[in-house]
Amino acid sequence: MSRIPARRRLAVAAGVFVAAALTLALLVYTGVIMPTRLFAARYDVRGIDVSHHNGVVDWSRVAEQDIDFAWLKATEGSAHVDSRFAANWSGSRAAGIATGAYHFMSFESPGAGQAHNMIATVPRVAGTLAPVVDLEPYGSFKGNLPPATEVRAVLDPLLSTLEDYYGIAPVIYTTPSAYRAYLVDRYPDNPIWFRSVAWPPRVPDGRDWSIRQYSSRDRLDGVGSDDEAYVDMNVLSDDVDLDDLTTR
């Protein structure tokens, strides 16, 4: 029996490894395998966040799947209102899910005006979750973040105006890059909702997170549209209770 040359054996092994790696990457990308689910499984309180991209949500079916909380996109910038917010707000609350709203912050309009957009859209109702400010790079700002002084000039009045109106410190949702650029060692009274969909979260300054987004490619019965088949999944820290994030 002839022996296979060493160079050929190495080539075959390398091909098998590459094929396996590509297969694994595809399974992760499509949400079939999600390593972060393993890390998130230890947390008892789970929730989702949705916008109009998720289509018409069947909230009663969502509630049947042990979903404890939901934050719904309400507004963006100084004028935009999410087209599904009103329906999601009433549907989520009717299903008995702890419900809150989030505002996607623009770097390009004054913070006070953005706050008033959210205030005009989201009712001030005792027992609902704290407002959330979504602070993350978008569009042309990805990889080209604005200076911290400019961003904080928008963020500071946005946070303070929302807190004055809703009577609770807003939660800040953020990505690792935005946290490093704008939040390190600042805003200690605002709970942090940290996006970490690949590995267990490590907040850059060692601060504790309150909410963690662990997946952007999960599936739930009752959620999904032609535009977006997946849903963002989140967990609440063991050190935080939903009551701590609820308006009075």
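Does residue 154 satisfy the condition of being touching a residue at least 24 places away in the same chain (Cβ under 8 Å) and either in a helix (DSSP H, G or I) or open to solvent by 50 Å² or more (accessible area, probe 1.4 Å) (or both)? In short, yes.
Those strands (runs of 3 or more DSSP E) of region 157-229 that lie entirely within it include none in which at least 3 residues are open to solvent by less than 30 Å² (accessible area, probe 1.4 Å) and among the acidic types (Asp, Glu). Here residue 237 fulfils each of the conditions (1) at pLDDT 95 or above; (2) under 16 Å from residue 55 (Cα atoms) apart from (2).
Please verify whether residue 137 is over 20 Å from residue 189 (Cα atoms) and either open to solvent by less than 60 Å² (accessible area, probe 1.4 Å) or at pLDDT 95 or above (or both), treating the condition exactly as stated. When the stated conditions are applied, residue 137 passes them. Looking only at region 117-132, decide whether some residue is at pLDDT 95 or above and assigned to a strand (DSSP E or B). So far as region 117-132 goes, yes, one or more of its residues are at pLDDT 95 or above and assigned to a strand (DSSP E or B). Within region 45-72, being aliphatic (A, V, I, L, M) and open to solvent by 20 Å² or more (accessible area, probe 1.4 Å) holds for 45, 56, 63. Within region 66-77, no residue that is under 14 Å from residue 171 (Cα atoms) sits with its Cβ atom under 6 Å from a residue that is modelled with pLDDT under 95 at 6+ positions apart or across chains. Filtered by the rule that a residue be more than 20 Å from residue 60 (Cβ to Cβ) and touching a residue at least 24 places away in the same chain (Cβ under 8 Å), region 208-227 gives 208, 209, 210, 211, 212, 213, 214, 215, 217, 226, 227.
A count restricted to region 99-132 and to residues that are surrounded by 23 or more Cβ atoms within 10 Å (Cβ to Cβ) and either free of Cβ contacts under 8 Å to residues at least 12 places away in the same chain or basic (Lys, Arg) (or both) stands at 0. Determine which single condition residue 168 fails, assuming it passes every other condition in (1) touching a residue at least 60 places away in the same chain (Cβ under 8 Å); (2) within 13 Å of residue 102 (Cα to Cα). Residue 168 satisfies all of (1) touching a residue at least 60 places away in the same chain (Cβ under 8 Å); (2) within 13 Å of residue 102 (Cα to Cα) except (2).
The values are calculated or read from the model by the stated rules, or taken from the named source; none is laboratory data. Bear in mind the structure is a predicted one, so any value in this text is a computation, not a measurement. Please note: Cβ atoms are built from the backbone with ideal geometry, for glycine as well, and neighbour counts cover all protein chains shown. All accessible areas refer to the heavy atoms of the entire protein, side chains included, with ligands and DNA or RNA removed. Shrake-Rupley method; radii C 1.70, N 1.55, O 1.52, S 1.80 Å.
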